[in-house]
Amino acid sequence: MNEAHLAFLASPAWAEQLRQEVLPWLAAAGDLGDDVLEIGPGPGLSTDLLLRQGVKQVTAVEVDPALAVALQHRLADGNVDVMCGDGADTGLPSGRFSAATAFSVLHHVPSTYHQDRILSEVCRLLRPDGVFVGIDSRDLERIRAGHHGDTFTPVDPDTFPERLRRLGFGDTLIDTTEYHFRFLARKL
């Protein structure tokens, strides 16, 4: 991830965007349950949002070792377990989680194949009827410019529901905003 983008994900502006765009979507998802998986927390502002929503236990899987260590240290005394690893192969037990989240992370995955591996792993880890909720960037020139020198593999919101269905999710709700799309799916 380029330095400017990483700085944005640790900024008050991202925290406000999470509050405005993600918080209502989380509320619409309903109760996330007792054990939530977060894929790609980065600096952890989305993790903070989950904790403020009363989530009892969060397992955050972060691929970047420096970000994972920093988040482990910052949240060491709480109810968050931070794992450094690939969200496509967590080694966690099947059916453990009541919900999973992915907040603006899927477009940082280097290929649609690897995105699908992560989505498949999320489905494996969710309990039956578990919720998968998130947000991701739209494929816009302004968004691409913010990822200069960075991985940017946009997810097409029009085909995303079918991708999720093929991996074991039921109907997916999609809500498109100016720069992002939000999604909500349940494991079958």
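Among the numbered criteria (1) farther than 25 Å from Arg144 by Cα; (2) within 17 Å of the chain's Cα centre (by Cα); (3) not in a loop (DSSP other than H, G, I, E, B), which single criterion is violated by Gln72?
It fails just one condition, (2).
For segment 139-186, which residues satisfy the criterion of being farther than 20 Å from Trp25 by Cα, of a type outside the set (Asp, Glu) and touching a His at 6+ places or on another chain (Cβ under 7 Å)?
Scanning segment 139-186 gives Gly146, His147, Thr151, Phe152, Thr153, Pro154.
Would you confirm whether any residue within segment 85-97 is over 16 Å from the mean Cα position of the chain (by Cα), surrounded by fewer than 20 Cβ atoms within 10 Å (Cβ to Cβ), charged (D, E, K, R) and under 24 Å from Leu26 (Cα atoms)? Don't jump to the end; show me each part of the working.
Initially, segment 85-97 is screened for residues over 16 Å from the mean Cα position of the chain (by Cα), giving 91-96.
After this cut, where a residue has to be surrounded by fewer than 20 Cβ atoms within 10 Å (Cβ to Cβ) as well, the list is 91-96.
This time we only want the ones that are charged (D, E, K, R), so: 96.
Those left that are additionally under 24 Å from Leu26 (Cα atoms): 96.
Checked against the condition, which is being over 16 Å from the mean Cα position of the chain (by Cα), surrounded by fewer than 20 Cβ atoms within 10 Å (Cβ to Cβ), charged (D, E, K, R) and under 24 Å from Leu26 (Cα atoms), segment 85-97 yields at least one hit.
Can you list residue pairs whose Cβ atoms sit under 7 Å apart, with the first residue in segment 52-75 being without any contact (Cβ under 8 Å) to a residue 40 or more places away in the chain and the second being in a helix (DSSP H, G or I) and aliphatic (A, V, I, L, M)? Count only pairs 6 or more apart in sequence or on different chains.
From segment 52-75, the pairs are Gln53/Leu26; Val58/Leu50; Val58/Leu51; Ala60/Leu71; Glu62/Ala68; Glu62/Leu71.
Go through (1) surrounded by 15 or more Cβ atoms within 10 Å (Cβ to Cβ); (2) touching an Asp or Glu at 6+ places or on another chain (Cβ under 6 Å) and name the single condition Lys56 misses.
With (1) surrounded by 15 or more Cβ atoms within 10 Å (Cβ to Cβ); (2) touching an Asp or Glu at 6+ places or on another chain (Cβ under 6 Å) applied to Lys56, the lone miss is (1).
Return the residue satisfying two criteria in turn: it lies in segment 144-156 and is free of Cβ contacts under 8 Å to residues at least 60 places away in the same chain and closer than 17 Å to Thr112 by Cβ, and of such residues it is farthest from the chain's Cα centre (by Cα).
Arg144
Look through Tyr113, Tyr179 and report the one residue that is hydroxyl-bearing (Ser, Thr, Tyr), more than 14 Å from the chain's Cα centre (by Cα) and under 21 Å from Leu23 (Cα atoms).
Tyr179
Out of all the residues in segment 132-141, is one or more surrounded by 14 or more Cβ atoms within 10 Å (Cβ to Cβ) and of a type in the set (Lys, Arg)?
Checked segment 132-141: at least one residue is surrounded by 14 or more Cβ atoms within 10 Å (Cβ to Cβ) and of a type in the set (Lys, Arg).
Please give the helices (runs of 4 or more DSSP H) falling wholly within segment 105-184 in which 1 or more residues are farther than 24 Å from Gly85 by Cβ.
Of the helices (runs of 4 or more DSSP H) lying wholly inside segment 105-184, those with at least 1 residues that are farther than 24 Å from Gly85 by Cβ span 141-145, 160-167.
Across segment 21-58, what is the number of residues that are farther than 28 Å from Pro128 by Cβ and at pLDDT 90 or above?
So in segment 21-58, the residues farther than 28 Å from Pro128 by Cβ come out as 21, 42-45, 48.
Applying the additional criterion that residues be at pLDDT 90 or above yields 42-45, 48.
Going through segment 21-58 one residue at a time, the tally reaches 5.
For the condition closer than 22 Å to Thr172 by Cβ and assigned to a loop (DSSP other than H, G, I, E, B), what is the one hit in Gly95, Gly42, Gly54, Gly91? Write out each step before concluding.
Values: Gly42 fails: closer than 22 Å to Thr172 by Cβ; Gly54 fails: closer than 22 Å to Thr172 by Cβ; Gly91 fails: closer than 22 Å to Thr172 by Cβ.
Exactly one of Gly95, Gly42, Gly54, Gly91 is closer than 22 Å to Thr172 by Cβ and assigned to a loop (DSSP other than H, G, I, E, B), namely Gly95.
Take the residues in segment 29-48 that are more than 12 Å from the chain's Cα centre (by Cα), surrounded by 12 or more Cβ atoms within 10 Å (Cβ to Cβ) and not acidic (Asp, Glu); name whichever of them is farthest from Phe97 (Cα to Cα).
Looking at the filtered set, the residue picked out is Pro43.
The values are calculated or read from the model by the stated rules, or taken from the named source; none is laboratory data. Predicted model only: the values in this text are computed from it and were never measured. Every residue, glycine as well, gets a Cβ built from its backbone with ideal geometry; the counts of neighbours run over all protein chains shown.
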